[in-house]
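Below you'll find the structure, written out as structure tokens, and then a few comments.
A short reminder: the numbers here are calculations on the coordinates, not readings from a lab. This one's a predicted model, so the numbers in the text were calculated from it and none came from an experiment. Positions of Cβ are backbone-derived with ideal geometry, glycine not excepted, and every protein chain shown enters the neighbour counts.
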Ligand code: NAD
């Protein structure tokens, strides 16, 4: 039995279920396959209307969805509302994208010939998602998959199944029967889904070790794969930056939602002349963040997802070999709270600097120059997001050219995603094509080239 607990009050069991085994998985994949023809034949305008209807119903039920997010994953209520409105906007966006031209024409070699490309859906796609954005991440995978005529079998995270069920129920009621299937469970269910011979593609978001296994399995099967994985994102603060703006922005990016965002800031690298002053301002900004029940409008930090996640973060702090400038302690009570923690490190191989902790824990380190700052930022295996704080346009351009990250943000938090622009990282943070925006169309469709000749 798998149980999904309320991280603020773990005695509140939000959901409990038996994981789906091979038979249930096969049933969902076969239903998805069987629905494909009708769904594709329904045409893009009908699919667009379905996406709009899902968007409308989710908007009508936004308050219910946001309070479930707070209860099941401990997301601060203001962020929970923002996640639901983003999901609403994404369904609406792909309702329009579904109507874009679905091919191109090229000059043909001969007379009375047309040379045309057309985009076709890929087939039954597996979608495997993490617990931390249980409405918006599945949406930014499923909405384009469905809009372009694919069927989906979705495996939500076992730590967010109630949120998953709500979203799936809303979507399912506007779709052709069987086109969206759901299987529940953890690693065994996910890997059995990937092993199913009729799954044509997999879109995965989660941790680096699991994503690498998913990529290996997909390559073995020869199926399309995109994996979005972890980050250990750096913010580099140069001496010419607006230090107050940088401190408040980084404090929020590092500790908001207890640091449980793949785009959270986990490493703060500060150019030497500003180091001591900036460090003190950052500590003050972090200490000003309210850590309260996520239902409270003032909440910024909130609890961690599980006791295991909190124990592993505390272990990383102990092993860091650095000085704890603030935090490092837990809160009284049954919720999985950890005070926002800033650790000053000298050695970039420290576990809080080199490895994703996925908690309200950040490392701060000094750099003698911008060059050293970029070198320190690039030392880790991840490359999802990096931020620069500076007012010097030349240094901003040099940073953008030399930093190893898929998303670069200047004078802005590492956290935050624009759903209409391509999203993804470099190195171990991503594998396969980008997602979101128009990039999603490349993954969820394949182009065929047709030559039509009228004959002699
Ligand atoms: P996770 O890797 O533990 O699980 C992700 C999903 O994979 C879950 O649904 C899980 O049940 C499933 N899974 C586990 N083992 C599997 C296997 N062997 N085969 C198939 N599926 C399997 O990640 P999590 O703890 O749910 O989420 C946190 C991680 O996700 C962090 O590393 C975070 O950085 C990352 N993340 C990345 C992004 C991004 O866009 N880059 C966004 C959000 C979260």
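For the range 4-44 versus the range 141-187, the inter-centroid distance based on Cα atoms is 6 Å.
Only helices enter this figure: runs of n ≥ 4 DSSP H residues, each worth -39500 (n - 2.57), summed and divided by the residues of the chain, yield -12500 deg cm²/dmol at 222 nm to the nearest 500.
Rounded, prolate or oblate: which fits the range 33-72, taking a ≥ b ≥ c as square roots of the Cα gyration tensor eigenvalues, rounded meaning a/c under 1.5, else prolate when a/b beats b/c? Cα axes put the range 33-72 in the oblate bin.
Take each peptide in 370-382, 138-150, 247-259, count the other Cβ atoms within 10 Å of every residue, and average; sorted highest first, the result is 138-150, 247-259, 370-382.
Axis angle, to the nearest 10 degrees, between helix 243-255 and the longest C-alpha principal axis of the chain: 60 degrees. Taking the C-alpha atoms only, the angle from helix 136-147 to the longest principal axis of the chain is near 20 degrees. Oblate is the label for the range 1-95, because a/c, from the alpha-carbon gyration tensor with a ≥ b ≥ c as root eigenvalues, is 1.5 or above and a/b does not exceed b/c. Neighbour counts of C-beta atoms inside 10 Å place 199, 237 in the sequence 199, 237, starting with the fewest.
With contacts taken as Cα pairs under 8 Å at a separation of at least 6 residues, the chain carries a relative contact order of 18 percent. Prolate is the label for the range 334-385. Its Cα gyration tensor axes, ordered a ≥ b ≥ c, give a/c of at least 1.5 and a/b above b/c.
Averaging the Cα positions of each part gives two centres, and for the range 404-456 and the range 46-81 these lie 25 Å apart. By DSSP, the beta bridges lying fully in the range 278-400 are antiparallel in about 50 percent of cases. What share of the DSSP beta bridges in the chain is antiparallel, in percent to the nearest 5? Just about 40 percent of them are antiparallel. The separation of the range 354-397 from the range 259-283, counted between C-alpha centres, amounts to 9 Å. Note: relative contact order over the range 59-156, using C-alpha pairs below 8 Å and six or more positions apart, is 27 percent.
Relative to the longest principal axis of the Cα atoms of the chain, the long axis of helix 22-41 makes an angle of roughly 60 degrees.
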